[in-house]
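We did not get these values from a lab; they are worked out from the coordinates using the rules stated. Here the structure is a predicted model, which means the values were calculated and not measured. For neighbour counting, all protein chains shown are included, and Cβ atoms are generated from backbone atoms with ideal geometry for every residue, glycine included.
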Ligand code: B1M
């Protein structure tokens, strides 16, 4: 079995204690960091499929998520860029009611690597918390919102609506993403940009801040 497949299997099986070491071994063995990340993302997709089929339950999903985080910690220095902050500040968070943060964390990591200072508000972020953070950082250029559940798409809509009415709206760009989000939905709710993954989010952020 390839080292990449071993890492993916360990993530899917929630082997939190092993994943970091396996990722390091794979890197030492010459595996590409981007390929390892994609394999881990696919493994989480598999975990989601198993959950949907009732083959596994929330605790197993949670353990797989922890395993993925361990792997990403080891990968991070290999994916990160030069860490300059030439593009300015970005605020990011997962919207109210939603606890998923792996995708949001990857987006934050890639955007930071692309040259932004990223203020990560975490998960289950209320509209007022986004507002307070933007008011405390008037030089922020981009606000990124992540949503992973169809049931939190209304939270995303509500957050974008509040931002669209705020006095600072013309100074910021609003980016949205997450598995159930589409370009059509982003347009409908009045976001400035939608991207399907972390790499394209980083590219779009640079374009928006330029
Ligand atoms: Co949940 N969960 N979960 N879960 N979970 C999903 C999302 C689900 C699709 C699984 C399934 O049924 N197949 C399903 C949602 C169904 C739906 O809404 N249609 C689901 C469900 C139902 C639930 C609960 C309701 C389960 C329950 O309690 N009965 C519950 C809800 C809790 C809550 O949030 N209130 C729940 C809980 C959890 C855990 C806490 C156990 C855990 C999350 C732990 C954590 O994040 N710290 C979890 C997990 C791990 C998943 C799956 C398996 C994996 C998510 C993930 O990390 N993917 C997921 C199944 C799946 O995704 N296929 C599932 C990997 C990650 C890299 O991808 O997050 O999509 P993703 O991010 C991508 C892009 O979407 C994009 O870029 C990222 C990187 O390329 N992106 C952006 C994300 N944000 C972006 C922002 C941007 C741009 C791009 O701009 C700002």
Relative to the longest principal axis of the C-alpha atoms of the chain, give the angle of the C-alpha long axis of helix 33-52, reported between 0 and 90° and rounded to the nearest 10°.
90 degrees
P(r) over all Cα-Cα pairs of region 53-128, 10 Å bins from 0 to the longest distance, whole percent per bin, short to long, reads 18, 40, 31, 10, 2
On a 0 to 90 degree scale, rounded to 10, what angle separates helix 153-165 from the longest Cα axis of the chain?
30 degrees
Could you check the simple spin-label distance between residue 17 and residue 46, using points 7 Å along Cα→Cβ, in nm with one decimal?
2.2 nm
From the Cα centre of region 105-125 to that of region 191-210, the distance in Å is 12 Å
Using a basic spin-label model with each label point 7 Å from the Cα along Cα→Cβ, how many nm lie between residue 129 and residue 57?
2.8 nm
Choice from 101, 124, 139 with maximal GNM fluctuation in the chain (Cα, 10 Å cutoff):
139
How far, in nm, would the chain grow between residue 185 and residue 165 when pulled straight, counting 0.36 nm per residue and subtracting the alpha carbon separation?
5.4 nm
Would you please state the base-10 log of I(q)/I(0) at q = 0.11, 0.13, 0.16 1/Å for region 68-210, with intensities from the Debye formula using one equal scatterer on every alpha carbon?
-0.35, -0.49, -0.76
Take the alpha carbon gyration tensor of region 133-184, find the square roots of its eigenvalues, order them as a ≥ b ≥ c, and report rounded if a/c is under 1.5; if not, report prolate when a/b exceeds b/c, else oblate.
prolate
Using a Förster distance of 35 Å, the FRET efficiency for residue 200-residue 136 (Cβ separation, nearest 0.05):
0.75
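Quick one: Cα convex hull volume of region 4-105, Å³ per residue?
So the per-residue hull volume is 105 Å³.
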What does the helix-only formula give at 222 nm for the chain: each DSSP H stretch with n ≥ 4 adding -39500 (n - 2.57), the total divided by the residues, and the result rounded to the nearest 500 deg cm²/dmol?
-18000 deg cm²/dmol
Run the numbers for residue 2 and residue 158: contour at 0.36 nm per residue of separation, minus the present Cα-Cα distance, in nm.
51.7 nm
Any chance you could give the angle, 0 to 90 degrees and rounded to 10, that helix 198-209 forms with the longest Cα principal axis of the chain?
20 degrees
One finds, for residue 84 and residue 207 with R0 = 30 angstrom and r their Cβ-Cβ distance, a FRET efficiency to the nearest 0.05 of 0.95
